[in-house]
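Each remark here refers to the structure printed beneath this line.
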Amino acid sequence: MFSPSSLRAACLQISPDTSQFFRYQTATLRCEDPLNSTGWKVKRKTPEGGVRPCTSGWGTASSSSTCVIKNTYPSDTGVYWCESAGGERSNGVNITVTDRNVLLESPGLPVLAGAAVTLRCKAYELSPNHTYDFHKDGRVIGSSSTGELTLQSVSKSDEGLYVCSIPGYEESLGNWMAVEGPPLSSSSAPPAASFSVSFSRVMFHLLVGTPYVVSTILLGLIYRDRNRAARVVAERRGSNDVIMEIVV
C-alpha cells in the first residue's frame with residue numbers, strides 16, 4: 001500500500017514517447033497518478049486556441065484521464081499537462097507538430113541519469129537509404145545508416161538541444177533532452193556504510209569510556225584535595241608547636 005508521502009503528483013505520459021510529430025500521426029496522452037488516475041484530465045495551451053481541455057474538440061477522450069489526437073496538425077503544437085478538479089497541475093510537456101520532412105524522436109519527459117536513450121531520426125516520404133547525422137548543441141555527435149543513435153548511461157553532461165539531419169536534404173527541429181539525477185552509484189554506497197559503522201563505533205567507545213574517564217578525574221580530584229587537607233593540618237600543627245614553645 002502506498003503512503004501519501006511516497007507518491008508523486010500525476011504525470012503526463014505520451015505515446016509514442018517523443019515531443020515531435022509529423023502531420024497526421026496519432027498521439028496518446030495519459031495522466032498517471034497512483035492515488036487517483038481518474039481524477040485528472042488532459043489540458044493544453046496553444047498559440048491559436050488558448051487553454052482548452054481534451055473534451056473541447058481537439059482530441060478524443062478514450063477515458064476520463066486519457067486523450068487521443070488522431071491526426072496531429074501544426075495547430076496542435078503547444079504545452080500539454082494534466083489537471084485535477086481542484087486545480088492541481090502535473091508536469092508540462094511541449095509537443096511540436098512539424099511541417100518539415102525530417103523529425104527527431106527523443107524522450108518528451110526527463111530521463112533518469114544512468115539510463116540508455118535511443119534517438120531516432122525519421123524522414124517523411126523519403127527512401128530510407130540515407131546517412132543520418134545527430135547533433136547536440138550545434139556539434140555533430142554521431143552518424144548512422146539506420147537512423148538511430150543510442151546514448152549509453154546518460155548523465156547531466158548529455159543534457160542539451162538535439163537535432164538530426166540528412167546531409168544534403170534537411171534537418172529536424174531541435175529537441176531539448178533533460179536528465180534527472182544523478183542516481184546513487186555503487187561506488188558511493190560503501191563509504192556511506194563505512195562512515196555509518198565508524199560513527200557507531202565511535203559512539204560506542206564514547207559511551208563505554210566516558211564513565212571510566214569521569215571516575216578517574218573524580219578520584220584524582222579527591223586525592224588532590226586530601227593531600228591539600230593533609231598539608232593544611234600539618235602546617236597548623238607546626239604553628240601550634242611553635243606557639244607552645246614560645247609560651248614555655
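For this structure, a couple of remarks:
- Look at the stretch 148-159: where a residue is closer than 11 Å to V117 by Cα and a partner is in a strand (DSSP E or B) and among the basic types (K, R), sitting 6+ places away or on another chain with Cβ atoms under 6 Å, you get E148/R120.
- All strands (runs of 3 or more DSSP E) inside the stretch 17-136 with 1 or more residues being touching a Pro at 6+ places or on another chain (Cβ under 9 Å): 27-32, 40-46, 60-63, 66-69, 78-84, 93-97, 102-105, 117-123, 132-136
- Filtered by the rule that a residue be surrounded by fewer than 15 Cβ atoms within 10 Å (Cβ to Cβ), under 31 Å from the mean Cα position of the chain (by Cα) and of a type outside the set (D, E), the stretch 109-141 gives P110, L112, A116, T118, G138, R139, V140.
- Note on the stretch 40-79: residues that are acidic (D, E) and either farther than 22 Å from F22 by Cβ or exposed (fewer than 15 other Cβ atoms within 10 Å of the Cβ) (or both) amount to 1.
- Residue in the stretch 148-170 that is nearest to the chain's Cα centre (by Cα), counting only those that are modelled with pLDDT of 95 or more and under 25 Å from D99 (Cβ atoms): G160
The values are calculated or read from the model by the stated rules, or taken from the named source; none is laboratory data. It should be emphasised that the depicted structure is a prediction, and the values quoted were computed from it without experimental measurement. Methodologically, a virtual Cβ is constructed for each residue, glycine included, from the backbone with ideal geometry; neighbour enumeration extends over all protein chains shown.
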